[in-house]
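The block underneath contains the structure these notes are about, expressed in structure tokens.
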Amino acid sequence: MAVISVTEAVTTILNEILVLGTERVAITAALGRVLAEDISAPFNIPPLDNSAMDGYAVRFQDLQGASAQHPARLKILGDIPAGYSASKPMSAGETYRIMTGAPVPAGADTVVMQEDTQAHDQVVEIFQECPRGSHIRRAGEDLSSGDSVVTGGTLLGPAHIGVLASIKKSQVTVYQRPRVAIISTGDELVDVDEELFAGKIVSSNSYSLQALVLDSGAIPMSLGIARDTREALREKFAAALHADMIISSGGVSVGDYDFVKDVMQDLGAEMKFWKVAMRPGNPLAFGVINGKPAFGLPGNPVSVMVSFEQFVRPSIRKMSGHQKLFRPVIEATAQENVETRQGRQYFIRCMVRKTAAGYVATTTGEQGSGMLMSMAKATGLMMVPADREGVKAGDKVTVQILDRDFGYSETLYY
Ligand code: AMP
Ligand code: MG
């Protein structure tokens, strides 16, 4: 069986992954989705010149020479609250009291802040000149009709949703979220609420995989546990073909009951089954069945998660229309010696901390591929390349960040 590098496996897999189709969704459901259309502004934002202050709409000329001793005195024609327009234009010597956001009346070219004025009945006194156009937000200053608002491929955040609403786009076209079928395999497995007889363990992979799929922005469809028979596996895989992608865990090694690759082949997959030169991880079955990518991930609880991160997450992101497929990586200084052997890429579970001298990484301790706690403690994976033998305390290492809190702080920073 061919042994290939992690890079080779990722590249080969991504070559087979196609971007899914699109769907229309309400903007309230579009957060975190990837936009699949180019959107331009159908009208100006703001639509009209409007006041940036509570104050008085004036003619710039009327304030010439105004001072504390000789205030300009203007006749108040009325109020313009936000949401209403002046009933008639104003002429020389006239003003409107105007509220923030209200349209500037015809005849006015400047707004004076309320704080710089004093009103007496129907007359307001203004105590200083002010530059022409002051405190007016111009029509179209945020967006002009025809301007590009958001382009296809953009990951939609809260501000995009707000801007889309402002141009009356209540629905947008986004890429579909992949539906991912999850199959756990093994006679030793029981579900979380079932009784644990001797020799049985809970299928934790069913749950870590559902969480990983959700965390990647896709929709998990758990198909439960398949027993270690060809028939049971075939049944689950056949049902899984309703999804956009299939993931199984376990049953891909060379044990007597490891039938996953045979079953994928029986169902017509053009199979790629490799030993990937990585640790943890190692066996990986990948094939495309009826156009659906199918991953036979290893069974060990750490291996399955690390393999998911390297192979499945980028695939889900590609299917979902993302341009950026890969997790962030940082440079860190190793805090201790780490033993690795040449010839495989290692993913050492570690905890990353930011210090004044940059990031530092400490391993989570024992690295057994069945020790899920090493994954639970980890905020990153120290990636030791295959051509490197071991890491010494003080060495620079590259760390793939897993932390969902990455970049957040416990301390206030301003
Ligand atoms: P396998 O590749 O099927 O031989 O599985 C390798 C190891 O992972 C064995 O110790 C299994 O018991 C364990 N394992 C397989 N599937 C699961 C699962 N769904 N949840 C937890 N452990 C699993
Ligand atoms: Mg098994």
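The values are calculated or read from the model by the stated rules, or taken from the named source; none is laboratory data. Quantities reported herein were computed from a predicted structural model and do not represent experimental measurements. FYI the Cβ positions are ideal-geometry reconstructions off the backbone, even for glycines, and counts take in every protein chain you see. Accessible surface areas use protein heavy atoms only, side chains included; no ligands, DNA or RNA. Shrake-Rupley method; radii C 1.70, N 1.55, O 1.52, S 1.80 Å.
Assorted remarks:
- You will find that of G146, G133, the residue that is under 30 Å from A29 (Cβ atoms) and in a loop (DSSP other than H, G, I, E, B) is G146 and no other.
- In the range 250-273, residue nearest to ligand 2 (Cβ to nearest atom) [restricted to those that are of a type in the set (A, V, I, L, M, F, W, C) and not in a loop (DSSP other than H, G, I, E, B)]: V260
- A single entry from V190, V213 fulfils the requirement of being away from ligand 2 (no atom under 16 Å from the Cβ) and closer than 30 Å to E231 by Cα: V213.
Quick grid of which residues meet (1) modelled with pLDDT of 95 or more; (2) out of contact with any helix residue (DSSP H, G or I) (no Cβ under 6 Å at 6 or more places or on another chain); (3) open to solvent by less than 30 Å² (accessible area, probe 1.4 Å); (4) within 16 Å of ligand 2 (Cβ to nearest atom):
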{"position": "S303", "(1), (2), (3), (4)": "yes, yes, yes, yes"}
{"position": "V312", "(1), (2), (3), (4)": "yes, yes, yes, no"}
{"position": "R317", "(1), (2), (3), (4)": "yes, yes, no, no"}
{"position": "G321", "(1), (2), (3), (4)": "yes, yes, yes, no"}
{"position": "R327", "(1), (2), (3), (4)": "yes, yes, no, no"}
{"position": "Q335", "(1), (2), (3), (4)": "yes, yes, no, no"}
{"position": "M351", "(1), (2), (3), (4)": "yes, yes, no, no"}
{"position": "M375", "(1), (2), (3), (4)": "yes, no, yes, no"}
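- Meets criteria (open to solvent by 20 Å² or more (accessible area, probe 1.4 Å), among the charged types (D, E, K, R) and touching an Asp or Glu at 6+ places or on another chain (Cβ under 8 Å)) for R341: yes
- Looking only at residues in the range 170-184 that are within 21 Å of the chain's Cα centre (by Cα) and surrounded by 18 or more Cβ atoms within 10 Å (Cβ to Cβ), the one that is nearest to S144 (Cα to Cα) is V172.
- Restricting the range 195-217 to residues that are within 13 Å of ligand 1 (Cβ to nearest atom) and assigned to a loop (DSSP other than H, G, I, E, B), the residue that is least open to solvent (accessible area, probe 1.4 Å) is S203.
- Any chance V260 is of a type in the set (A, V, I, L, M) and more than 13 Å from ligand 1 (Cβ to nearest atom): no
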